[in-house]
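Only one structure is covered here, and it is reproduced in the block below.
The values are calculated or read from the model by the stated rules, or taken from the named source; none is laboratory data. Predicted, not measured: the structure shown is a model, and the values here were computed from it. Methodologically, a virtual Cβ is constructed for each residue, glycine included, from the backbone with ideal geometry; neighbour enumeration extends over all protein chains shown. To get the accessible areas, we keep the full protein, side chains included, count just its heavy atoms, and leave off ligands, DNA and RNA. Shrake-Rupley method; radii C 1.70, N 1.55, O 1.52, S 1.80 Å.
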Amino acid sequence: MNALGGMKTAIVHDWLNQIGGAEDVLETLVELYPDVPIYTSLYWRDGMPAHWREWDIRTSFINRLPLAQKRQQLYFPLYPMAFEQFDFSDYNLVISNKSGFCHGIITGPETLHICYCLTPTRYVWRYHQYVEQENLGSLQRRLLRAIMPPFLTSLRQWDRLAADRVDHFIAISQTIRQRIAKIYRREAVIIYPPVDTSRFAPAAGVEDYYLIVGRLVPYRRIDILIEAFNKMGKPLVIAGSGRDRERLEDLAGPTIEFLGYVPDDHLPELMARCQAFMWPGEEDFGISPIQAMAAGRPVIAYAAGGALETVIPGRTGALFFEQTAEAIVEAVEQFDACALDPQAISAFAAQFDTIEFKRKMQQFVDEKMEQRKRELKTGLLEKPAADS
C-alpha cells in the first residue's frame, strides 16, 4: 500500500540506464508517490545515481541479455514482449512515463492506466531521424540500420494498438499532444514537465556573452548558431558535451567558447549573467530555456516545438522563423534584452516549476481515480475518453 489513500500503485519507465528529461520526470513521480515499485525493461545499477538503489526496481528479461544495460537499442524488437509480461493485476493505479514502449503494459479493467507521454515512440515513428540525431556510435548506427527496418512495420502496428490500452494520456506540450492525436488517435491533456526553477534567480548584472546549454548533437543546430555568431563577431558560450563537439569546434571562430560539461551548481550563475539564451533547434518541450528564464534571462529561439509555448515575443524573448544563420543574426541584432524585465521573465518561468507539476498530476490522478471508482461501482466502464 502507499500514500494514495490505500490504493496500490506502480510506476512504469522504459529503461534505467541514462539520465535525461525522462528521468527528471521519474524522479518527481517517485517524490509524488514514494515507496511504490518501478517496473522497467532494464536497470544499469552501477551507472545510475546511488539513491536509486533505495527504490523498488523490477526489471524484465531484457536486463539479463548481453550488453543490454549499455546498448539497449540492440533489443528494440523485444520491448513489446518485455512490457507485456509484467503482471499488474494487483494494482489500482499504474502511471507509465513513456518515450518508448512502456505504455504497452497490459492491465485489467479494475486498474487505471495513466500515461505521461514524452513522445510517441520516436524510434518507431521517426526512425531515420532518431538514428541521425541520437548520440550513437558508428557501430550502433550500422547495427540499427541492419536490424530495425524489417521490424518497423510490426512495431508500428503494435505501438498503435498498445496506445488503446491506456486509459488517459498526458502530453508534455502542445507539440506532443498533436503527435498523440495524429499517431495514436487519442486526446491528451497537457501537463508540462517539472523544472526546478527555484535553483535559479536573476543576477544583479549581466555580462557580454550569449549562451546555449545542452548535448552537442546535430539536431540542435548549433552549427548554424556558430555560423551566425562568427558573422556577428559576438561572444557565444557553449556548455555541454556530445558527439558533435569536434565538428562544431572546427566551425567556431575566436568569439566562440566551449565549456564542456558544466556542473549543475554552476549553471544558475552562468545562465543569469548571459545577454540571452539561444535555442536554434526544435525540441518537444525544452527544459534549458525555462531554466534560463527562471534566471531572468530572455530566450531567442527557433519558432517550433515547445518554444512556441514558452518563448513569448516581447515578454520572455524572441522567435526566428527559419533555421538559418541569417535569421539568427537578424533576431539577435534586432533584440533588445534591456527592454525586458528579468523579474517578470523569472515569474513567468515559475509556472513550470516542479511544485506545479506535482499539483497538476495529483489533481488529474485523483479526478480519474474517482471516475474509475464510480465506473466500477456501477459496473459501467467507459471507453478511453477524450481528456480536456
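Using 0.36 nm times the number of residues separating residue 157 and residue 190, minus their current alpha carbon distance, what extension gain do you get?
Values: separation 33, 0.36 × 33 = 11.88 nm, distance 2.53 nm.
Using 0.36 nm per residue and subtracting the Cα-Cα distance, I get 9.4 nm.
Here are several values of mean projected area of the Cα convex hull in nm²: (i) 19.2; (ii) 25.1; (iii) 17.6. Which one was derived from the coordinates shown?
Read-out taken from this structure: (i).
Can you give the accessible area of residue 265, probe radius 1.4 Å, in Å² rounded to 10?
Here the residue's solvent-accessible area equals roughly 120 Å².
Taking the Cα centre of the range 276-386 as origin and charging only Cβ (+1 Lys, Arg; -1 Asp, Glu), how large is the dipole, in debye to the nearest 20?
900 debye
Report the net charge of residues surrounding residue 307, where surrounding means a beta-carbon distance below 11 angstrom and charges are Lys +1, Arg +1, Asp -1, Glu -1.
-4
About the Cα centre of the chain, what is the dipole size in debye to 20, counting +1 per Lys and Arg Cβ and -1 per Asp and Glu Cβ, all else neutral?
1340 debye
Express in nm, to one decimal, how much length is gained between residue 249 and residue 261 on full extension, taking 0.36 nm for each residue of separation and deducting their alpha carbon distance.
The residue 249-residue 261 span can extend by a further 2.8 nm.
Could you give the size of the charge dipole of the range 1-133 about its Cα centre, using +1 on the Cβ of each K and R and -1 on the Cβ of each D and E, expressed in debye and rounded to the nearest 20?
Here the size comes out at about 460 debye.
Quick one: 3J(HN,Hα) in Hz for the range 69-79, Karplus 6.51/-1.76/1.60 with θ = phi - 60°, rounded, Gly and Pro as x.
5, 10, 9, 5, 5, 4, 10, 3, x, 8, 5
Provide the solvent-accessible area of residue 219, counting protein heavy atoms only and rolling a 1.4 Å probe, rounded to the nearest 10 Å².
50 Å²
In a shell of Cβ-Cβ distance under 9 Å around residue 244, excluding residue 244 itself, what net charge do Lys and Arg (+1) and Asp and Glu (-1) give?
In short, +3.
Going by the alpha-carbon gyration tensor, a ≥ b ≥ c the square roots of its eigenvalues, is the range 261-336 rounded (a/c under 1.5) or, if a/c is not under 1.5, prolate (a/b greater than b/c) versus oblate?
On the way: a/c = 1.72, a/b = 1.47, b/c = 1.17.
Verdict is prolate for the range 261-336.
Rounded to the nearest whole Å², what accessible area per residue is found for the range 292-388 with the 1.4 Å probe? Please list the in-between numbers first.
On the way: 4940 Å² over 97 residues.
With the other protein chains kept in place, the range 292-388 gives 51 Å² per residue.
For the range 297-363, state which chymotrypsin sites (Phe, Trp or Tyr not before Pro) are in a DSSP loop and have at most 11 other beta carbons lying within 10 Å of their beta carbon.
Numbers: sites: 302, 320, 321, 335, 348, 352, 357; in loops: 321, 335.
Counting only loop positions with at most 11 other Cβ atoms within 10 Å, the chymotrypsin sites (Phe, Trp or Tyr not before Pro) in the range 297-363 are 321.
Would you kindly derive the ³J(HN,Hα) couplings of the range 153-163 from the backbone phi angles with the Karplus curve 6.51 cos²θ - 1.76 cosθ + 1.60 (θ = phi - 60°), listing them in order in whole Hz, with x for Gly and Pro?
Using θ = phi - 60°, the values come out as 4, 5, 5, 5, 5, 5, 4, 5, 5, 4, 4 Hz.
Under 18 Å between alpha carbons, and skipping anything fewer than 8 positions from residue 373 in its own chain: which aspartates and glutamates qualify?
Straight-line reach from residue 373, under 18 Å: 90, 110, 167, 382, 387.
Using only the alpha-carbon atoms, how far is helix 325-334 inclined from the longest principal axis of the chain? Give it as 0 to 90 degrees, nearest 10.
70 degrees
Between beta-carbons, use under 10 Å as the cut-off and find the net charge around residue 287, counting Lys and Arg +1, Asp and Glu -1.
Taking every other residue near residue 287 into account, the sum is -3.
Choose one of 172, 270, 253: the residue whose Cα lies farthest towards the positive end of the charge dipole of the chain (beta-carbon charges +1 Lys, Arg; -1 Asp, Glu; about the Cα centre).
Projecting each Cα onto the dipole axis, the largest value belongs to 172.
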